[in-house]
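The values are calculated or read from the model by the stated rules, or taken from the named source; none is laboratory data. Because the structure is a prediction, the values reported are computed rather than measured. For neighbour counting, all protein chains shown are included, and Cβ atoms are generated from backbone atoms with ideal geometry for every residue, glycine included.
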Amino acid sequence: MRALDIAASGMAAQDLNVQVISNNIANMNTTGYKRQRAEFQDLLYEHVSRVGTQTSAQGNILPVGIDLGGGVKIVGTPRLITQGSLSQTGNTLDVAINGDGFFKVLMPDGSFSYTRDGSFKMDAQGRVVTPEGNVVQPGITIPQNSTGISINAQGQVSVTVPGTTTPTVLGQLTVTRFLNEAGLQPVGDNLFLETPASGAPQDGIAGVDGVGTIQQGSLEQANVDAVTEISNLIAAQRAYEMNSKVITAADEMLKTTTNVQ
Amino acid sequence: MAWESRWHNADDGAAERAETAAREGSKTMDNALLVGLSRQVTLSRELEVVANNLANINTTGYKTDSSIFQQFLMPEVSSGGFPPDSRQVSYVLDRATWHDLGPGPILRTGSPLDVAIDGDAFLVVQTAGGQRYTRNGALQISTTGALVTSSGDPVLGVGGPIQFQNTDHDISIGEDGTITVREGASATSDSTRGQLQLAHFDNASQLQKQGANLFLAPPGVPPQPAPLGVRVVQGSIEQSNVSAVSEMARMVEISRTYEQIASILQQENSERTTALDKLSAVPA
């Protein structure tokens, strides 16, 4: 009985859906996290009788056919790249991007990864790094005993060095855009990698050519909406239950058949 | 041999009548079994349809399928043993499945590339096998900047595929499907990237499901321009129009009917056994 397989595909899909939803909820307070959504598609159809088949020599055709579906599959779990709300932290090295773009981070293996999480720190050499200690591009070093770190909307980092009155510009944070941000590959630690689907990274400057602007002293919160996630969770759980009922029904029908003498 | 001749001797006509009756009787019993079986086969197929609906209860743009049954008359049963009215036996045949193309609830997602169609029209998708139609408006941008479905097939605009530039941002899709963006540094004016093509079908029930949320228009079902009043709603998707309650009710009905028929078959079988026992009993 194919209904068993069809319902099983439904249960598997809802199981994955719950996984995606639970990851969203778990990351509700993760800086720069973008919520994911499970997208479903129906499986191939068996066309038992094709619509449009001639039913008589006079050219009468079937107005409707018999199409039996094979169930459901998850086609992808794209990220919804919408702006998360910015929360004020007051920390000078906390920056958020308001608009499109990612901060570029140099990984220990020499490759680059990208993040929306701007909770940067300073390491022992005075370099601006991510919480894991990876250098934020283009490698800005803040001199010792300088004061008043300021990051403007274009990402220019400037400090006041003792003995001078005008701030010194140390560098400008790179903000990278991708054509298809949903195609980036998440690798954990709030980092993303470039993929063939995301398109090549386009390094840019904040506030120029469609790149978002930078806000100092703020962090971008996750764009997870608790109410949406919980209602999705309920829907997924009920759908799972209903599919399991189909399995029970199919099982009972098979049992009935087996018991006929 | 001995009892046979005795029977014949006793009442020739009656024996013949009994023989005919027995033959007709066994035929009707066969028919009852087959009629029941034909219903069971269609019921198990109907359960497949219901299972597929429930499996797709969260599939964006999915449309409910229903089965249509037909009675299939077999005019073959008797040779005079029955009154004319009961000469035909009607079997059950599943004639068709049809798609309930009614709108699904529109869910607000806030994603700029999610569109729902409010009205009787489809998005047009260019697949390797030709143009297909879909109500699933959860769209993406491909590596090359084209507007695509989640399977990566380009979504067609009025003048062909819709292409975005590297520097585009703030995508906005109007009610008529016009896609405008802010391009690069010139953030004060909008540039148009195309208009979503919307196809309408006068007889949409003839569309064939292809899987992957796509419909195929068979020959003789030409796409028409969308009628007035069809709106594209940005930031929303159309959920599956499967009604959980009615599907569950159908499922219960299917499984109970199946049981009922099984018990009819069982009865029929025991009646048959009894009849065989009685008829084969040697008269004393």
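Restricting attention to segment B:167-188, the residues that are modelled with pLDDT under 80 and more than 9 Å from chain A (Cβ to nearest Cβ) add up to 2.
Residue-level analysis places A:Gly90 outside the set of residues that are crowded, with 16+ Cβ neighbours inside 10 Å and in contact (Cβ under 8 Å) with a residue 40 or more places away in the chain. Considering segment B:263-284, the residues that are among the small types (Gly, Ala, Ser) and over 45 Å from the mean Cα position of the chain (by Cα) include one that is modelled with the lowest pLDDT, namely B:Ala284. Here the condition is being surrounded by 18 or more Cβ atoms within 10 Å (Cβ to Cβ) and within 14 Å of chain A (Cβ to nearest Cβ); of B:Leu123, B:Leu107, B:Leu207, it holds for B:Leu207 alone.
Out of all the residues in segment A:52-74, which are surrounded by fewer than 15 Cβ atoms within 10 Å (Cβ to Cβ) and facing chain B (nearest Cβ under 7 Å)? Give the derivation first.
Narrowing segment A:52-74 to residues surrounded by fewer than 15 Cβ atoms within 10 Å (Cβ to Cβ): A:53-60, A:63.
Matches in segment A:52-74: A:Pro63 only.
Segment A:173-261 holds strands (runs of 3 or more DSSP E) entirely within its bounds, and those carrying 1 or more residues that are on the phi > 0 side of the Ramachandran plot and either more than 10 Å from chain B (Cβ to nearest Cβ) or touching a helix residue (DSSP H, G or I) at 6+ places or on another chain (Cβ under 6 Å) (or both) map to A:185-188.
Could you figure out which of (1) modelled with pLDDT under 85; (2) touching an Asp or Glu at 6+ places or on another chain (Cβ under 9 Å) isn't true of A:Asp117? For A:Asp117, the exception is condition (1).
Just one of the listed residues (A:Tyr45, A:Tyr33) is within 11 Å of chain B (Cβ to nearest Cβ), touching a residue at least 24 places away in the same chain (Cβ under 8 Å), within 38 Å of the chain's Cα centre (by Cα) and surrounded by 20 or more Cβ atoms within 10 Å (Cβ to Cβ), and it is A:Tyr45. Only a single criterion out of (1) out of contact with any Pro (no Cβ under 8 Å at 6 or more places or on another chain); (2) part of a strand (DSSP E or B); (3) not β-branched (Val, Ile, Thr) is not satisfied by B:Ser172, namely (1).
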